[in-house]
Structures are given as C-alpha cells and as structure tokens.
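Engineer: Here it is: the structure, laid out below.
The values are calculated or read from the model by the stated rules, or taken from the named source; none is laboratory data. Everything numeric here is computed off the predicted structure, so don't read it as measured data. Every residue, glycine as well, gets a Cβ built from its backbone with ideal geometry; the counts of neighbours run over all protein chains shown. To get the accessible areas, we keep the full protein, side chains included, count just its heavy atoms, and leave off ligands, DNA and RNA. Shrake-Rupley method; radii C 1.70, N 1.55, O 1.52, S 1.80 Å.
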Amino acid sequence: MPPLDRVPLAWKNLTHDRLRFALFSAGIGFAVVLMGVQLGIMNAMLDSNTVLLRRLDADLVLVNPTRQSLLFRQAVNRRRAEQARQVAGVASVEPVYVEYQLGLLRHTGDRPATRSQTRRIRVVAVDPDSGVLRLPEVPAADWERLRVPGAALYDRKSRPHPDPLNHPGETVFGRLADGVPTELSGRAITLVGNGFALGFDFSTDGTLVVSDRTFARWVRGPYTPPGADPLAEIDLVAVRLTPGADPHRVRDQLRAMFAPEGDVDVLTLAQLVAREERFWWTNTPIGFAFGIGVVLGFVVGLVICYQILTGDVADHAAEYATLKAIGYTNGYLNRVVLQEALILAVAGYVPGLLVTAGTFALLTDLTGLPLHLNPARAGLVLLLTLVMCAVSSWMAVARVKAVDPADVF
Amino acid sequence: MSPLRLAWYHLVHKRARTTVAAGGVAFAVILIFLEVGLLGGVDRTATMLFDRLNFDLLIASAEYLDLSRAGEFPRSRLAQARAADGVADVIPLAVSAGGWRLPSRTGPLGTSPGGEVMSISLLAVPPALLDKAFVVGPGGVFPSREEAQAAAAALARLDAFLFDRRSKPEFGDPDRLRAVSLGLADGDPIRLNDRQAQIVGHFEIGTGFSWNGLLLSSEETLARFTGRSPHTVDFGLVQLRPGSDPLAVQRQLRAILPPDVTVFTRAEITALERRYWLRLTSVGQFLSVAVVLAVVVGIIFVYQMMAADIRNLLPEYATVKALGYRPPFLTAVVLWQAALLALFGFVPGFVVSLGLYAVARQYGGIPTAMTAATAAGVLVLDLGMCLASGLLAVRKVQTADPADLF
C-alpha cells in the first residue's frame, strides 16, 4: 500500500489536537527534566571532588598505588620522580604536594571570639615557576608574589560562612582578601592576590596554594624528623611529555621501570580522576541517592508515554481498524505507533533539556556546586528518553494488534 | 444510585484501565515517597549521633561546623566546666576518621577480593564512662547496662575497638570480625590506618550521609591509630545534677569558658545540625530540590492518568447526562473516582516505598524511615493531586454532549 506511506500518519495523529500534543510533550518533558536534573546533581557532587586534579597540567601522574583517594597519605618518594626524569619522552617532572590534615588556618577575623579559631584547610604546594597547577584566575604577578616565604594564594570559593546574612561574603575561614595576615599551622602567613576558584567538596572547606618552600617550613617541616627532607614524600608527581612523545609508550616504559618495587602507579590524568570519583562513589550514598532518581524518572516517563500511546490507539481505534480492513498490516501500524513514540521523545526532550539547563544554572547559583550539561550527559539523557519511548511503544502496540475491524462497525 | 457507587462500578467494570491508572498514581506516590525519604535520611543523619549521647549541655569548639568538621579544643576546658555549679560530670568525646581495609566478602553480585580502603568514623570516650556517655537500653547504643559494662572492660585494652553492627556491609560481618579478632576463626587480620586492630564487641548507632561505619575505642587507642594529640577533645558531654536548670548552667559556663569553645543546649545543637544538613550541605539542598521536582512531576503525571481515564469514560458520562442527571452529580462521580484512584494508587505505592526504604537503608546506608507524618503527608498530597486533576478533567465531562455519541 505505497500511497499512505507518504502520509505522515504518526505526525498527523499527534498534532491533530495541538493542545493535547503540547500536554503530551510536557509529560515526556517532565520525565526528561527529572532524569537530567538527578543525573546532573550526581555528577556535580562527584565532579566537585576532582576539581583540583583536573587543574593539573600533566600528561601522566605518578601516585602511590595504595592511595585510593587524595584524602589519604600514601606518597611517592622523590627518588622515583628523579628516575622518571631519565625516561625518553619525559619533558618535565613536577612534584605536587597536597596536605589535608596538617594545614590549620586561623580565622582571619579580629574579634576575640573568632581570633582563636583554627580550621583545617587543604594546602597545595607547587613550584611557583612550574605552571603545573592551572589557575586561570591567577595572573603571573601573583605566582611571582608566592615565591616570598609565608605567602599563600587563597580560594575565594571556599565554603561560605553558614550565616550569610550576618557575615556577607565571608568564608568559614573569615574574610579572605589580598594582604590579610593570618596563621597557617601556628605560623604567620599573608594571603596574596585576588584568589582562585576551586571550591569546597566533601572532604575540604577550601584550599590554600603555597610555594614548595613555604610548604616545607610551615606544614610538613614540624612533622619531619631533624635532618630529613620534608619534601621527600611527594603526593602527586606530574609528568609532562616532550612534544610528539607517545603517552602510552612512555607510560608502559615508566610502569615497567617501577614494576619491581610496586610502590608507584602511572596513570593518565583521566584515570586518576576516575579513581578519585570511584572512591567517592563507593564511600558516600550519593550515587545511590541520585541514581535511584534517574531510574524513577525513566519509569515515570515510560508509564506516561505508554498512557499517551494507548490512549491514542484507543481514540483512533476506528481509524486503525479501517486501515486494517483495507489491507494495511500490523507491521505498518506498529511503525506508526513507534514513530509517534519517537516524535514524542524528541518533542519532550527539547523543552525538557532547556528546562534542565535552566535548573542547572539556578542550582549552581543557589548551592555553589557547579552543574555542567556537557554533550555526553545531554546525549545520555536523549538516549534514555528514546529508549523509554521505544519500549513503551512496544508495550502499547499489543493493543493495535488486538484491533479487530469487525468490532468497530 | 449514589455518585460513589457509580464511580466504584466504573472502576470495577474497566479493570484493566483502572489497574493502569492506579499504577500510574502509585508511581507518582513512590517517586514522592522516595525523595521525601531520602531527605528525611539527611535530616536523621544530622542528629543521629547526638540523639544517642547522654548530655544536658554540649561543649564544642567555637569552630564547630558539623561532626566531620567538629574542631578540637583543649582538654583543660572540661576540667574548667566541671567546676561550675550544677555540673555532675563532663565526659570527653573524640571524633576522628580512619581508613579500614575491606575484607573479602561474598555478596549477591559475586565475591569481592577486598583489600580496598574505605573511610570509617572513629569515636573515643573513656571506657569507664561508656554507659554514662551513650544511651543504654532497648533501641539504644547498648541493649543493657551489663552489656555496656562488659564492652567497657574489653575496650580498656589497647588496640581494642567496638564495631557498629549497622555499619555498611562492605566493612565485614560484625560477628565474623569479632571472631577473627579473638582467634576463633580464620581470616585476614583487621587493619585500620595500616595498623592491626581488634574488634572486641559491638554497639548500634547506624550510618548516614556523614559516615559509612563507626568504631568506638578508648582515647589512648584512638591516639595510637590516628596520631592525634591526647591533649585535645572534640566534645564535652555535660551532665547536670538533678534539679539544675540547663539554661542557668549554660550562662555560667559561657562566662567561665574562653571563647575557643561554645556551649549548646540539646535543642540548640539539634536545630543547628539540622539546619546545617538540610540547608547548607549540597546533599540537603539538592534533595530538597528533588522533593519539589518529584511533587511537580507527580502532579503532571497524575493529571495525565486521570485525564486519560476520564476521557475513556466519556460515552458513559454522556449517557448518564442523557438520562437526566444534573452536572453536580457528574462532578461528584468524577471526584469520587479520583479519590478512589488516589487510594488504589497509594496502597501499592506505600508498600513498594517501604521496600525501597529498606533497600536504601541496607545497600545505600541511608537512614530512611517511614514515619506516620510522612505517610499522612504523602496521602494528603496524593488525594489533593487526584482531586485537582479530577476537577480539571471534569470540565470535559460537562461539555460531553449525549447527541455526539449516537
């Protein structure tokens, strides 16, 4: 029956009643928003824990294989970093120190009630000239100022004060600004520059960036036995390759070199980020709490779409029966229902994604946790929507098959 | 025939359709229950530990933010507080965290080799004061005073810990951990922060968004495993003499103690902690958003169901009109139908939600609980959604013209 194939029957069925079509699309759209927002929140919570790692300028990273999260202490010995420097294809090897426990920052307020308070802060130390930490908000002049012992760059996106009405613009560490004097682990430091934006996460309220020399004297020195080098144990060794070097080949070479002792793992930055995400995924109920929302959004969408399609089939029972009576097969009717499902999927997805993007912007503004709608995540939601609608069309089609021309007249 | 009976016959007659519509309502109910339950889990996380500690007033660091960021203060503040009038005792409590090497375990998804490190929270109190520091009795941290005292005796040894039975299952089976420690069973030695630890008994608190599992030890053992200074503590549990006024003692303590500590009443710390978890943590904020989203999606969803259901009954309604029944009668029929569907959807939705809550507790470690308030709130919301959708849909019924049908 070729002539009808040129009639967009699915489209006409749906758009015949514009208002109902809009309502149907909104139904699917809400399922899209539900899935998109839950997925976005889940990713944002995992993303927030890897912001620092993603700011490293490194092709490969040497880490201790037993360190499942940056939060723990296991480190790589400086001798290993020196060994890595000898490997062909390695352009530079830069130590990055990250301290979660020993950095205590004194509250910057000057009232007696706050003057004595200290709070743990994450301290990150790099060679100021190395450029291994990419902080786009920090100009070269600020890195220059960091070379003075006792100077520290600060995170202006540190956890905000819990009472923002009475303490506007303050962090839990007090007011952070250029030139503010305070103490790090009991010794005087000065905050410099206009601050960078890393943000807080599950394990830390904020970050200071200092030079490796300041780090040695202020943070690790007091806990290092006399005569030992406080910088001997490196938390992350950032390896950059010479242009044209094959990262996989260099990685294999480094791995082979460190294999006998087994005390160094060589990861790409993406692998390191994935490892950190996995730790937080298994160590917090975040994946469960928001993953289940995605599943429910999918089920809700499935049922909405099924309802719409079966309703449509019931409404057009007479027409479908007529088509069958004049010789159209079940296959043709199946295709019509599937087409309707896919049209609904797209018609719901487009506004649903727009609302999702708006919700992301709103939530980022409200909570300070960055929600990103990247193509991969938008694509995943589209895929879920299409699958959801296709499955419900498959369920609804059973009703088309049952349509008997004789019943209708 | 009364409107209720007609509505009932409608629903019973079209059984398949009614099942689908009630199923739809059930999904909306489940969605709302789930998000409300998860948010309730955040709320319960906030006060889970404090609810199980005995104190009239709580001394915490001035930088106290939440349990994982409690902030330490000098132990000498406790001695200063003991000097105040009306104070019977001040018990030190230390809170810390460590890395627990997971044992190998066999679960429904196969065997995991273990060896990975998962973070576990550590509590420390003087063993002799164990039964005074924690709530003892049915539903408490220890089931009876005798058990608490037995646990205290075992805790006095170095490197000895009590293990929370309600820790996440990844940490290991509580009884097996104890058996391994006491040499009654074979297994990997228990390692905390890369040191060998002994599990000498159990207690019950539970998990939440703040921790995956809990260990309890003496302060000496905590100092050995974490390297923290024995001169600092995180909390002072102030217990008053009978008849003392907590507010008067609080004023007095605030006057004597330096500004590096704050003194909370139980109501104050509970309110502060709940506000922190629900309003200031990202998980609280996001789950609040998820609740709103679930309600909105639920309303749209129920409307879809109801509209479809009523559309299908239009010919019957038109017939009823043709027989001479007035519009208010039809409205009553539709509203009864909506109310019945709300109930038909609520019951399975409620039952499935109970199951989901259990899954969230067991596998997610989220302290969800079905309270009467939650159940009643969702039921009211469910009825409201269905009746509102019914009212919207009834306009269609009023326009139903008998002549169109024949």
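Engineer: Would you tell me the accessible area of B:Ser282, worked out with a 1.4 angstrom probe on the heavy atoms of the protein chains, in Å² to the nearest 10?
Structural biologist: About 20 Å², ignoring ligands and nucleic acids.
Engineer: Continuing with this model, one more query. P(r) of chain A in 20 Å steps, Cα pairs, percent per bin?
Structural biologist: For chain A, the binned pair fractions read 22, 39, 24, 13, 2 percent.
Engineer: A further question on this structure: Tell me the total accessible area that B and A bury against each other, 1.4 angstrom probe, in square angstrom rounded to 100.
Structural biologist: 4600 Å²
Engineer: Note down the Stokes-Einstein diffusion coefficient of the range B:112-201 in µm²/s, whole number, using a Kirkwood radius over alpha carbon pairs, 37 °C, and 0.692 mPa s.
Structural biologist: D = 233 µm²/s.
Engineer: Between the range A:174-201 and the range A:294-344, what is the C-alpha centre distance in whole Å?
Structural biologist: Cα centroid to Cα centroid, the span is 62 Å.
Engineer: Another question about this same structure. Assign one of three labels to the range A:54-93, namely rounded, prolate or oblate, based on the Cα gyration tensor with a ≥ b ≥ c the square roots of its eigenvalues; rounded applies when a/c is under 1.5, prolate when it is not and a/b is larger than b/c, and oblate otherwise.
Structural biologist: Judged from the Cα gyration tensor, the range A:54-93 comes out oblate (a/c at least 1.5, b/c at or above a/b).
Engineer: Cα-based Rg of chain B per 2.2 N^0.38 Å, rounded to two decimals?
Structural biologist: Output field value: 1.32.
Engineer: Distance cut-off 24 Å, Cα to Cα: go down the list A:Lys12/A:Lys324; B:Lys321/B:Lys396; A:Lys401/B:Lys396; A:Lys401/B:Lys14; B:Lys14/B:Lys321 and report the pairs above it.
Structural biologist: Too far apart for the 24 Å limit: A:Lys401/B:Lys396.
Engineer: For the range B:335-391, what's the relative contact order in percent, using C-alpha pairs closer than 8 Å and at least 6 residues apart?
Structural biologist: 57 percent
Engineer: Also, quick follow-up: Below 15 angstrom from the Cβ of B:Phe301, what's the summed charge of the other residues (Lys, Arg +1; Asp, Glu -1)?
Structural biologist: -3
Engineer: In peptide A:278-291, how many Cβ atoms from other protein chains are near each Cβ within 10 Å, on average?
Structural biologist: 6
Engineer: Another question, if that's okay. Pull out the extension gain between A:Val148 and A:Tyr223, defined as 0.36 nm times the separation in residues minus the alpha carbon to alpha carbon distance; nm, one decimal.
Structural biologist: Additional length available on full extension: 24.8 nm.
Engineer: How would you classify the range A:186-291 from its alpha-carbon gyration tensor, with a ≥ b ≥ c the square roots of the eigenvalues: rounded for a/c under 1.5, else prolate if a/b is greater than b/c, otherwise oblate?
Structural biologist: oblate
Engineer: A further question on this structure: Compute the projected area of the convex hull of the Cα atoms of the range A:247-370, averaged over all viewing directions, and report it in nm² to one decimal place.
Structural biologist: Quarter of the Cα hull surface area: 14.4 nm².
Engineer: Per residue, how much accessible area does the range A:6-101 show when a 1.4 Å probe rolls over the protein heavy atoms, in square angstrom?
Structural biologist: In whole numbers, the range A:6-101 has 37 Å² accessible per residue.
Engineer: Under DSSP H, which helices of chain B have Cα atoms covering 30 Å or more of the helix axis and a Kyte-Doolittle average no less than 0.5?
Structural biologist: Result, helices passing both filters: B:15-47, B:282-312, B:327-363, B:372-399.
Engineer: Right, next: Ignoring ligands, DNA and RNA, please state the percent of accessible area on chain A from carbon and sulfur, probe 1.4 Å.
Structural biologist: 60 percent
Engineer: Using just the helices of chain A, give the 222 nm mean residue ellipticity in deg cm²/dmol: DSSP H runs with n ≥ 4 each add -39,500 (n - 2.57), and the total is spread over all residues, rounded to 500.
Structural biologist: -16000 deg cm²/dmol
Engineer: Let me know the longest stretch in chain B that avoids all trypsin sites (Lys or Arg not before Pro) found in a DSSP loop with at most 16 other C-beta atoms within 10 Å.
Structural biologist: Answer from the scan: B:166-406.
Engineer: Something else about it: What spacing in nm lies between the two simple spin-label points modelled at A:Leu342 and B:Leu184, each 7 Å away from Cα in the Cβ direction?
Structural biologist: That separation, rounded to one decimal, is 6.4 nm.
Engineer: Evaluate the range B:1-97: find the radius of gyration of its Cα atoms, find its Kirkwood radius, and give the ratio Rg to Rh.
Structural biologist: Radius of gyration relative to Kirkwood radius: 1.43.
Engineer: Place a +1 charge on the Cβ of each Lys and Arg in chain B and a -1 charge on the Cβ of each Asp and Glu, then give the dipole magnitude about the Cα centre in debye, rounded to the nearest 20.
Structural biologist: Roughly 900 debye, rounded to the nearest 20.
Engineer: Any idea of B:Asp309's accessible area? Nearest 10 Å², probe 1.4 Å.
Structural biologist: Approximately 10 Å² for this residue.
Engineer: Ok, one more. Taking only DSSP H segments of four or more residues, each worth -39500 (n - 2.57), what value at 222 nm results for chain B once the sum is divided by all its residues, to the nearest 500 deg cm²/dmol?
Structural biologist: So the helix-based figure for chain B works out to -17000 deg cm²/dmol.
Engineer: While we're on this one: Would you work out the relative contact order for chain B, in percent, from Cα pairs under 8 angstrom that are 6 or more residues apart?
Structural biologist: This gives 29 percent for chain B.
Engineer: Compute the relative contact order of the range A:1-126 as a whole-number percentage, counting only Cα pairs closer than 8 Å that sit 6 or more residues apart in sequence.
Structural biologist: 13 percent
Engineer: Something else: Going by Cα centres, the range A:34-76 and the range B:319-373 are how many Å apart?
Structural biologist: 43 Å
Engineer: Enter the Cα centre distance for the pair the range A:359-373 and the range B:251-288, rounded to the nearest angstrom.
Structural biologist: Here the answer is 26 Å between Cα centres.
Engineer: Report the longest stretch of chain A that contains none of the trypsin sites (Lys or Arg not before Pro) sitting in a DSSP loop with at most 13 other Cβ atoms within 10 Å.
Structural biologist: Within chain A, the longest run free of exposed trypsin sites (Lys or Arg not before Pro) spans A:148-409.
Engineer: Rounded to two decimals, what is Rg over Rh for the protein assembly as shown when you use alpha-carbon atoms and the Kirkwood radius?
Structural biologist: Checking Rg against Rh, the ratio lands at 1.04.
Engineer: Any idea of A:Thr15's accessible area? Nearest 10 Å², probe 1.4 Å.
Structural biologist: Using a 1.4 Å probe on the heavy atoms, I get roughly 30 Å².
Engineer: I need the P(r) histogram for the range B:255-378: all alpha carbon pairs, bin width 5 Å from 0 out to the longest distance, whole percents.
Structural biologist: Reading upward from the zero bin: 2, 8, 10, 14, 14, 11, 9, 8, 7, 5, 4, 3, 2, 1, 1, 1, 0, 0.
Engineer: A follow-up question, please. Heavy-atom accessible area per residue, the range A:259-409, 1.4 Å probe: how many Å²?
Structural biologist: 42 Å²
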